[in-house]
Amino acid sequence: DGGEALPAPQNLSVHSANMKHLLMWSPVVLPRETVYYSVEYQGEYESLYTSHIWIPSKWCSPIEDAECDVSDDITATVPYNLRVRAILGSQTSAWSILEQPFNRNSTILTPPGMEVSRNGFHLVIELEDLGPQFEFLVVYWRRELDTKEHAKVLRRGGIPVHLETMEPGAPYCVKAQAQVKAIGRNSAFSQAECVEVQGEALPL
Amino acid sequence: LQTLHLGSCVIITNLQKIQSEFSEIRDSVQANDQNIDFRVLRNAGSLQDTEPSDRCCLLRHLLGLYLDRVFRNYQTSDHHTLRKISSLANSFLTIKKDLQLCHTYTTCHCGEEATEKYRQILSHFEQLEPQAAAVKVLGELDILLRWMKETE
C-alpha cells in the first residue's frame, strides 16, 4: 500500500426506466485488487431538515459492481441526493456526489410489452409485469367501418385477462399504455396488435 | 392512491404505502417508548370531528410537527429503521407541499377549533423530553394515519 489515497469513483449518473433506477459510475481499477463501493442517499427531507444525515442504500452498502439499483431507496417523488465511495480493505475514498439530485418523476416510461391472443372466441391480453406501481390502460376495438373503441384499466400485469368475446368476420385490435399514479405520468401507447376469429360473420 | 377531502383542499396521497412503511418499524419504535401511560395525539379528539374547513390547517400543523420535531429527533442506528423513517419523512414532505399549495390559494384556513386542537397536542408533546416526545408521537403514527383515512 503506497499510502496513496484511494481514488473516488467518477462519472456518476442515474439511468431510470419504468421506475427502475440504476446509479452507475466509472469503476476504480487497481491491479490485483478488488475494490468495493458504498452507496448512500438523502431525500429532500434529509437535505432540508437533517443535512448531515446520509442513509446507506439498501442493496449497495457495500457492493462490488460499479452500479447500484436504488429503486428501493427512492420511495417518494422528491429530489434525492446520491453519493458513492470506494472501499479497499480499511481504506475508503472520498465521497463522490451525483451532480444533479434525482427525482423519480423523470423516469422513462416505455409502452408496455403485451401478448394478444385468442382463446376460442375470447380476446385475451397479457401485459408485461412492471411491478406494483404500474396500472395499464388497455384500448381495444373491432376493425370495421364504424370502429368503436372500448377501454379497460388493468391493475397489474403478468396475468392473462379476457377482454371481449369476438365474432368472426373482422379482426379485433388492442393497444396498451402504462400508468404510474405515484408520479402522475403515462407511457406512450404500444403498437396495436390484431387477431381474428376465422369463419363466416354470423347473420344478424 | 387515496383522495383526502380537507374542506375545499383536496389532495391525493398513498396512505397505504405510508401505512405499510410504518408497520415495518412500529413494534421497535413503540418498544422504545418509556412513557406508556402518556398520550399526545389520542387525547385531542380526531381530525374527523374537526370542522371540514379546519382540517387542512390542523393536518398541516401536525405534519409540520412530525417533520420538524419527530423524524428529526428520532435517534436510531438501525439502517432499516433509518430507511423507513426517511421514506415516511419524504412522503410527509410531499403531502405538506400539497397542503402548502392549498394554503397559498387560501383554502387552508386556520379556525379557532384547529388552532386550539393543535395547541392541546403541542402542550402534551412538550411535556416530554424532545427525544422521548419523538418516540411517543412516532409510535402514535397509526392514529394520525387513521385520522387522515377518515377524511377520504
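The values are calculated or read from the model by the stated rules, or taken from the named source; none is laboratory data. From a predicted model like this one, the values you see are computed outputs, not experimental measurements. All Cβ positions, glycine included, derive from the backbone under ideal geometry; neighbour counts span all protein chains shown.
Figures for the structure shown
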| quantity | calculated |
| --- | --- |
| In region B:80-108, residue nearest to the chain's Cα centre (by Cα) [restricted to those that are farther than 19 Å from A:ALA182 by Cβ and modelled with pLDDT of 95 or more] | B:ILE85 |
| Strands (runs of 3 or more DSSP E) (entirely within region A:1-58) containing at least 3 residues that are of a type in the set (Gly, Ala, Ser), touching a residue at least 40 places away in the same chain (Cβ under 8 Å) and closer than 24 Å to A:ALA182 by Cβ | A:10-17 |
| Qualifying positions in region A:157-171 - surrounded by 15 or more Cβ atoms within 10 Å (Cβ to Cβ) and either closer than 30 Å to A:PRO79 by Cα or at pLDDT 95 or above (or both) | A:GLY157, A:VAL161, A:LEU163 |
| Any hit, region B:32-45, residues being under 30 Å from A:SER61 (Cβ atoms) and either within 14 Å of chain A (Cβ to nearest Cβ) or surrounded by fewer than 22 Cβ atoms within 10 Å (Cβ to Cβ) (or both) | yes |
| Number of positions in region A:59-96 that are touching a helix residue (DSSP H, G or I) at 6+ places or on another chain (Cβ under 9 Å) and either facing another protein chain (nearest Cβ under 8 Å) or not in a loop (DSSP other than H, G, I, E, B) (or both) | 8 |
| Test: residue in region A:63-70 that is surrounded by 19 or more Cβ atoms within 10 Å (Cβ to Cβ), closer than 27 Å to B:LYS96 by Cα and not β-branched (Val, Ile, Thr) | no |
| Positions within region A:119-149 being at pLDDT below 95 and either surrounded by fewer than 14 Cβ atoms within 10 Å (Cβ to Cβ) or at positive phi (or both), in sequence order | A:ASN119, A:GLY120, A:PHE121, A:GLY131, A:PRO132, A:ARG143, A:GLU144, A:LEU145, A:ASP146, A:THR147, A:LYS148, A:GLU149 |
| Qualifying residue in region B:19-40 (condition: basic (Lys, Arg) and outside any helix (DSSP H, G or I)) | yes |
